[in-house]
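Inspection log for the structure reproduced underneath, given as structure tokens.
Bear in mind that the values in this text are calculations on the coordinates, not laboratory data. A quick note: this is a predicted structure, and the numbers were derived from the prediction, not measured. When we count neighbours, we look across all protein chains shown, and the Cβ atoms used for this are built from the backbone with ideal geometry, even at glycine.
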């Protein structure tokens, strides 16, 4: 969330700062909730790949109101995250059973009502590669979801739409009778990202969650034998957000009045341990090393000049 001129003109970026959200992605979950009513009757929630914590912040504000003891929110990520009121943080890998056991232990042995995941890899710009990596991340999130989500629960995760996503949709359809692709208005139209909303968790009869193999094959479920061609399963698409909402691709004027000057606000929460921290450290030290000899040469020249003057 840097202070570039493009960010200043991004209306959701500015609104996130004004309303105290850690990232503009908070509006995505808020708009999905407006369309699907995710938080109704929910008391145990898991936020996978939570850092920097904008979705956990939404969950904290929406669910924890009067009686904090009845609401349990667990945020999981490998990166550290600044504390949030009422949110339990776990630093763990979502591909390990130990992480699932830690989550369930915080729920006193019970399973979660809602699981959300806004995680995404660093995009390369090559859509085929990005779609594949994001699909694998979604499968990892789905895999741990089968360990910790209660029957009839809801699962929401980010997905990159592409031509080869039909098999992934079919995998989700096996576990969830209701699968919908949602596109919030705060998500740029130019982006291939969307969010899959899976409801009424109902695993196949006799299915045992297994971290080593998240995919079902034809030997485990006969439905796969009927999945042929490119149209294995067509997922319903829903655009989230009011028609009067802001356009995330449009550039808005940063000045509100002629007499007022726009003052950029600092980030609500700066990264605690960002992945680029090492790169910044190396770059800074390499510059220091390169500048040090130059400084010594300047000092030597100044000494020579002083000697000649004498």
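What is the fewest-to-most order of 55, 21 by other Cβ atoms lying within 10 Å of their Cβ?
21, 55
Which order results if 98, 202, 187, 69 are arranged by neighbouring Cβ count within 10 Å, fewest first?
By the 10 Å Cβ count, ascending: 69, 98, 202, 187.
Mind ranking 132-144, 83-95 by how tightly packed they are, going by the mean number of other C-beta atoms within 10 angstrom, highest first?
So the order, starting with the most tightly packed, is 132-144, 83-95.
What percent do you get for the relative contact order of region 56-102 when only Cα pairs under 8 Å and 6+ apart count?
Here the relative contact order equals 33 percent.
Compute the distance in nm between two label points, each set 7 Å from the Cα along the Cα-to-Cβ direction, one at residue 277 and one at residue 139.
My value for the distance between the label points is 3.2 nm.
With the cut-off at 1.5 for a/c, could you classify region 1-132 from its C-alpha gyration tensor as rounded, prolate or oblate?
oblate
Shape call for region 12-90 from the C-alpha gyration tensor, a ≥ b ≥ c root eigenvalues: rounded (a/c under 1.5), prolate (a/b greater than b/c) or oblate?
oblate
At a Förster distance of 35 Å, what's the computed FRET efficiency of residue 37 paired with residue 234, Cβ-Cβ distance as r, to 0.05?
It comes to 0.90.
What residues from region 194-211 fall in the zone where the backbone N is under 15 Å from a label point 7 Å along the Cα-to-C-beta line of residue 97?
Hits in region 194-211 for residue 97 at 15 Å: 208-211.
If you count the DSSP beta bridges with both ends in region 5-240, what percent of them are antiparallel, to the nearest 5?
Within region 5-240, antiparallel bridges account for around 30 percent of the total.
Using a/c under 1.5 as the rounded threshold, could you call region 5-240 rounded, prolate or oblate? The axes a ≥ b ≥ c are square roots of the C-alpha gyration tensor eigenvalues, and prolate needs a/b larger than b/c, oblate otherwise.
oblate
Got a sec? How would 188, 14 order by Cβ neighbour count within 10 Å, fewest to most?
The most exposed by this proxy come first: 188, 14.
Express in whole angstrom the spacing between the alpha-carbon centres of region 32-74 and region 102-134.
15 Å
Within region 8-48, list the residues whose amide N lies under 20 Å from a label point set 7 Å along Cα→Cβ of residue 90.
Of the residues in region 8-48, 42-48 have backbone N under 20 Å from the label point off residue 90.
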